[in-house]
């Protein structure tokens, strides 16, 4: 299986934010914080992580989900990229 590119990761995450969490596309900037700028709550975050796990064939621990609550869109993409490339 070929490695997914950073652009593909960003596109998939953006698609999930738009279609699952109803985040307006213009708000999805690298420095945007998931919980604050996208107005997500803990339940939204769990739902997003579940979709990310499915989309990228990952398993995200509960501890990591908690850490991701305070991350930005860029940091989330960084995390996914790192997890995928260490498989």
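Worth a mention:
- Qualifying residue in segment 33-51 (condition: in contact with a strand residue (DSSP E or B) (Cβ under 8 Å, 6 or more places away or on another chain), more than 18 Å from residue 18 (Cβ to Cβ) and surrounded by fewer than 18 Cβ atoms within 10 Å (Cβ to Cβ)): no
- Candidates 29, 16, filtered to the one that is part of a helix (DSSP H, G or I), in contact (Cβ under 8 Å) with a residue 12 or more places away in the chain and either more than 16 Å from residue 67 (Cα to Cα) or touching a strand residue (DSSP E or B) at 6+ places or on another chain (Cβ under 6 Å) (or both): 16
- No other residue among 29, 68, 48 is at pLDDT 95 or above and within 10 Å of the chain's Cα centre (by Cα) apart from 48.
The values are calculated or read from the model by the stated rules, or taken from the named source; none is laboratory data. None of the values given here were measured: they were computed from a predicted structure. Heads up, the Cβs are rebuilt from the backbone with ideal geometry, glycines too, and the neighbour counts pull from every protein chain shown.
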